[in-house]
Amino acid sequence: MSKSLKKKSHWTNRVHEIVLSRGPSGDLGFKLQGGAENGQFPVIGEVKPDRGKLHQDDLLLEVNDIPVAGLTIRDVWAVVRHCKDPVRLKCVKQ
């Protein structure tokens, strides 16, 4: 396979960044699933309709440039809680 074909289909080309602001209740409008306690990456769960490009079942890679792969869901939420608005999420479709 040629190098140019490999580069076009590499998963890093599908990484997207979403910028979210907290709602009036302080939440970001999504839930998390998976996590290191289950031997998985953190995965975006249920998403409120007004969250733009954030989609259910996307893998969560970073929160405000902090890598979250290998963290438990509790630890990922701790990172999110300590971030100031707006919160930037880097995700990739599975």
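Before moving on, here are some points about what is shown:
- Selection from the range 70-94 of residues that are basic (Lys, Arg) and touching a helix residue (DSSP H, G or I) at 6+ places or on another chain (Cβ under 6 Å): Lys93
- Per the conditions (1) over 14 Å from the mean Cα position of the chain (by Cα); (2) open to solvent by 70 Å² or more (accessible area, probe 1.4 Å); (3) not acidic (Asp, Glu), the sole criterion not satisfied by Pro67 is (1).
- Scanning the range 11-35 for residues being farther than 20 Å from Asp85 by Cβ and either open to solvent by 40 Å² or more (accessible area, probe 1.4 Å) or free of Cβ contacts under 8 Å to residues at least 24 places away in the same chain (or both) gives a total of 6.
- Of all the listed residues (Asp75, Asp57, Asp50), the sole one being part of a loop (DSSP other than H, G, I, E, B), of a type in the set (Asp, Glu) and over 15 Å from Gln94 (Cα atoms) is Asp50.
- Residues in the range 56-63 include at least one that is polar (S, T, N, Q), in contact with a Phe, Trp or Tyr (Cβ under 9 Å, 6 or more places away or on another chain), modelled with pLDDT of 90 or more and open to solvent by 20 Å² or more (accessible area, probe 1.4 Å).
The values are calculated or read from the model by the stated rules, or taken from the named source; none is laboratory data. Keep in mind the model is a prediction, meaning the values are calculated, not measured. Cβ sites come from the backbone with ideal geometry, for glycine too, and all protein chains shown count toward neighbours. Please note that ligands, DNA and RNA were not included when accessible areas were found on the heavy atoms of the full protein model with its side chains. Shrake-Rupley method; radii C 1.70, N 1.55, O 1.52, S 1.80 Å.
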